[in-house]
Amino acid sequence: MRDVVFAEAHPLDRIIRSDRMPHIWCPGCGIGIAMRCYAHAILNSEIEEQNQVVVSGIGCSGRVAGYMNIDSYHTTHGRAIPFAVGLKLSNPALNVTVFSGDGDLAAIGGNHLIHGARRNLDLTVICTNNFNYGMTGGQSGPTTPYNARTTTSPYGSPELPFNLVDLLAAAGANFVSRWTVLHVRQVIDDILYAFGKPGFSFIEILSPCPVGFGKSNNFETGIEEMRLYRERCEMGEHMPLSELGIDLRAERPIYIGRFIDRNAPPFKPVHLGPAA
Amino acid sequence: MSETGILTGSHFMNGDHACAEGAIAAGCRLFGGYPITPSTEVAERLARRLPQVGGVFIQMEDEMASIAAVLGASAAGSRAMTATSGPGFSLMMENLGLAIMMELPCLIVNIQRGSPSTGLPTLPGQSDIMQARWGSHGDYRLAAYSPWSPQEIFDLTIHGFNVADRYRIPVLLMADEVVGHMVERVVIPEAAEIPFWDRKRANGKAGETFHPFEPGEDLVPPFAHAGEGYRVHFTGLTHDTRGYPDMSAEMHQQLVRRLVDKVERNSAKLEMSDDYEVEDANILVLSYGSTARSARRAVREARELGIKAGALRLISIWPFPEQAFNALADQMDAFIVAEVNLGQMITEVERRVRTSKPVSGVHHAGGAMLPPGPILEEIKRVAGHA
Amino acid sequence: MRAEIRIAGFGGQGTVLAGYLLGKAFSLYQGLEAVMTQSYGPEARGGASSSNIVVADREIAFPFVERADILIALSQEAYSKFKDEVQPEALVLLDTSLVTAQSGEKTLGLPATEIAEQLGHRIVANVVMLGYLCGSWDWIEAEALEKAIRTTLKAHTVELNLKAFQQGLAYAAEKEPAT
């Protein structure tokens, strides 16, 4: 009989709530990869774990807050950013990350997203973008490409989607990048960079959703969509921001990279007297 | 100004400003809000005052963001509040439920105006009373207080923070435009005389065994703030004592029952009221907020006519002041409810009067303070006074 | 004792500030109960504006002015609007620079705006009126109102306002009441 070796521990045990596994995500989903990148960034960061806080909204990506073994807040649909604003302003020593999805952040939370970027408070926002509302079964959202099929756009979406990079750049974020869940090194690096970057940082991570989005749009499996990322992704840092829109189905590049890295002054509340 | 930033002394001040000074005195250190008449002066005053005491004023993009920021600040350990009116109060209903579910203490001030919809932005109303009780989806209990003067707004702002922290609930201060904008004497005590009830804090060893939603005998769990090393999880989903989601009917019953019982079992401590000329009264006038001022005058004038009227003022509108009401109910022959809405609190009185004794209302849709006249007329009618 | 006072004029004439000073003097420096209310809303910007003070030696339940015992009118429009909403023996004080009394009506008056302009700024006409009220009605203690002026106004405007107050007071002392 072969020796069976049990690992004593997993390197992420401390940072992921293993007692909450298995997670709820579907086979082929990319959110777990994105969460793993976030967990690695926390382990690699010099920031004390005690000061790491994650806030999420509602949806598949919103469940990340429940799996991270740090102070974690799973709030209401769309309201993760303003909740994070309160945490950060109340205790500036906290390193507050918002981890949520495209529907939560850009539709119902869209106003908070642009005002968060405008205000430029020191927050890191990780947005997994799977082009649909996955948890509720694949409805169209603000990132669903024109003419893509979802359960609420059965004849093809009649709406134009947001180009999140362009939106966040225009709104005033200090750091804006886009990768896919294939780009784990770059994602970890950018999350770490965003931790240290003053002001509002936004990292968009494209992520397959074979069950919610892929099956209706000819990407039957997560692997298929990942393959597409590998074939189509191009560094797009030289491109005009307005050209960075995404349509997986079109024969055109998916532009990735660090698009905005600037040093506009981050939001600081006015203080006159001695600290209380 | 004292070292604590508290404006100890006598002031001639409007209710909105008195609310802001109450917040400073209570140690509130974050205000997140969105300007809306007639509550705007609360925000304006705190925009000036909070930076003087090391606190944070932030104007958010809307009322949904305002209450979310307040809850985030509460989770990180601050006393935090927002102030709003009608339409903004409606927008806050969503996260009022989150405050209930996460047990995040906070103070939400509603300076009520004529409603529904945009209604009468600059004029008074008292028509958000049932919304305060039932406005967020689901079963919940909270505390809501209704001040009748600038001094009482100041006092109840402090008390509201204390109650919120003690029971880990959102507390509503349901003032109205009359009280928010009227200017009267407000006496602000020395810092040492201001009551302060701290949150029950987690004091175990930070680690795996800590269950952030394990309640004590009072059904209130000790509070672990963000950044204290407890690695807590808070969610709006139904959750167990660890804070972990548990999608079962059993856990839902257990959690929601506790959140409701937490308030109901402590109801006697949350109730507040005062009475006027009730000793030998056989007609009881119930009212709250600015209307209670008119009720008092109506009762005084009725007394001058020889009618044995008395007044019960609801300071806590939620919970309804059960004890005070029950103590008076038997001696009364009739009940009159006066309020600036078309009949809200009267339903609470009706369901408590389980006899054939008449309950009648003096109602107005809003736009002006209910004057003493119609209340006096109703007292006379009920008394059979010619 | 209980009295109701209405100070009415145009937005920008300081009716609210005058009401505040009066209420503060009663409430904080004369040991009386006082409450001030005012009209709010778009109509208060540039258009008609008024403040209302109720003063009493006991608790004030209803805070609004119903029939004023004293009306101070700083504009013709305010005078016309409110002159009939007063008690039969009401004291009606007019800024005669801007307001003409209707014939047969019993009023008192002084050219407050002219006096204020002579002092350097017409904006203090409201405080001239307060001085005049103080000299015409024995409920107000001059020291209490002066203290309210000192503790309320920006430091560099206090002297001007105290002068305005004194001018109004002196005018009341010198002039025989008009009939």
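The values are calculated or read from the model by the stated rules, or taken from the named source; none is laboratory data. Quantities reported herein were computed from a predicted structural model and do not represent experimental measurements. Because the Cβ atoms are built from the backbone with ideal geometry, glycine has one as well, and the counts that use them run over all protein chains shown.
Here C:SER49 fulfils each of the conditions (1) under 25 Å from C:THR152 (Cα atoms); (2) part of a loop (DSSP other than H, G, I, E, B) apart from (2). Considering only residues in region B:69-122 that are outside any helix (DSSP H, G or I), out of contact with any His (no Cβ under 8 Å at 6 or more places or on another chain) and within 8 Å of chain A (Cβ to nearest Cβ), the one that is farthest from A:SER72 (Cα to Cα) turns out to be B:ALA80.
Annotation: C:GLU4 fulfils all but one of (1) of a type in the set (Asp, Glu); (2) in a helix (DSSP H, G or I); (3) within 14 Å of chain B (Cβ to nearest Cβ); the unmet one is (2). Exactly one residue among B:ILE24, B:ILE36 is surrounded by 24 or more Cβ atoms within 10 Å (Cβ to Cβ) and outside the structural domain of B:MET369 (by TED's automatic domain parsing), and that residue is B:ILE24.
The set of residues in region C:124-160 being part of a helix (DSSP H, G or I), within 21 Å of B:ARG185 (Cα to Cα) and of a type in the set (D, E, K, R) consists of C:GLU143, C:GLU146, C:LYS147, C:ARG150.
Within region C:113-163, take every residue that is under 14 Å from C:LYS24 (Cβ atoms) and of a type in the set (Lys, Arg) and give me the one that is surrounded by the fewest Cβ atoms within 10 Å (Cβ to Cβ). Checking each candidate, the answer is C:ARG150.
What number of residues within region A:176-215 satisfy the criterion of being β-branched (Val, Ile, Thr) and over 12 Å from A:TYR38 (Cβ atoms)? Steps first, please.
To start, the set of residues in region A:176-215 that are β-branched (Val, Ile, Thr) comprises A:176, A:180-181, A:184, A:187-188, A:191, A:203, A:205, A:211.
So of that shortlist, the ones also over 12 Å from A:TYR38 (Cβ atoms) come out as A:176, A:180, A:211.
Counting residues in region A:176-215 that are β-branched (Val, Ile, Thr) and over 12 Å from A:TYR38 (Cβ atoms) gives 3.
In region B:28-40, how many are within 13 Å of chain A (Cβ to nearest Cβ) and within 20 Å of B:PRO147 (Cα to Cα)? Spell out how you get there, then give the answer.
Going through region B:28-40, the residues within 13 Å of chain A (Cβ to nearest Cβ) turn out to be B:28-34.
If we keep only those that are within 20 Å of B:PRO147 (Cα to Cα) too, we end up with B:28.
Here the count works out to 1.
Among the residues of region A:77-95, just one is farther than 13 Å from A:LEU121 by Cβ, crowded, with 24+ Cβ neighbours inside 10 Å and within 7 Å of another protein chain (Cβ to nearest Cβ), namely A:ARG79. Which of the residues that make up region A:98-136 are in contact with a Ser or Thr (Cβ under 6 Å, 6 or more places away or on another chain) and either of a type outside the set (A, V, I, L, M, F, W, C) or away from chain B (no Cβ under 14 Å) (or both)? Scanning region A:98-136 gives A:SER100, A:GLY101, A:ASP102, A:THR124, A:THR128, A:ASN129, A:ASN130, A:PHE131, A:ASN132.
Across region B:25-48, the number of residues qualifying as under 21 Å from A:VAL85 (Cα atoms) and outside any loop (DSSP other than H, G, I, E, B) comes to 10.
Among the residues of region B:256-285, what is the count of those that are part of a helix (DSSP H, G or I) and touching a helix residue (DSSP H, G or I) at 6+ places or on another chain (Cβ under 8 Å)? Selection size over region B:256-285: 6.
For A:ILE24, the conditions (1) in a loop (DSSP other than H, G, I, E, B); (2) loosely packed, with under 13 Cβ neighbours inside 10 Å; (3) not basic (Lys, Arg) all hold with the exception of (2).
Restricting B:ASP176, B:ASP218 to those that are more than 9 Å from every other protein chain (Cβ to nearest Cβ), closer than 26 Å to B:ASP128 by Cα and of a type in the set (Asp, Glu) reduces the list to B:ASP176.
Is it the case that region C:65-78 has a residue that's within 14 Å of chain B (Cβ to nearest Cβ) and surrounded by 20 or more Cβ atoms within 10 Å (Cβ to Cβ)?
Step one: of region C:65-78, the residues within 14 Å of chain B (Cβ to nearest Cβ) are C:65-67.
Add one more test, that the residue is surrounded by 20 or more Cβ atoms within 10 Å (Cβ to Cβ), and what stays is C:65.
There is at least one residue in region C:65-78 that is within 14 Å of chain B (Cβ to nearest Cβ) and surrounded by 20 or more Cβ atoms within 10 Å (Cβ to Cβ).
Against the list (1) away from chain B (no Cβ under 14 Å); (2) part of a loop (DSSP other than H, G, I, E, B); (3) among the charged types (D, E, K, R), the condition C:ARG58 fails is (1). Exactly one residue out of A:ALA34, A:ALA41, A:ALA84, A:ALA65 is of a type in the set (Gly, Ala, Ser), in contact with a His (Cβ under 9 Å, 6 or more places away or on another chain) and either at pLDDT 95 or above or within 23 Å of A:LYS197 (Cβ to Cβ) (or both): that is A:ALA65.
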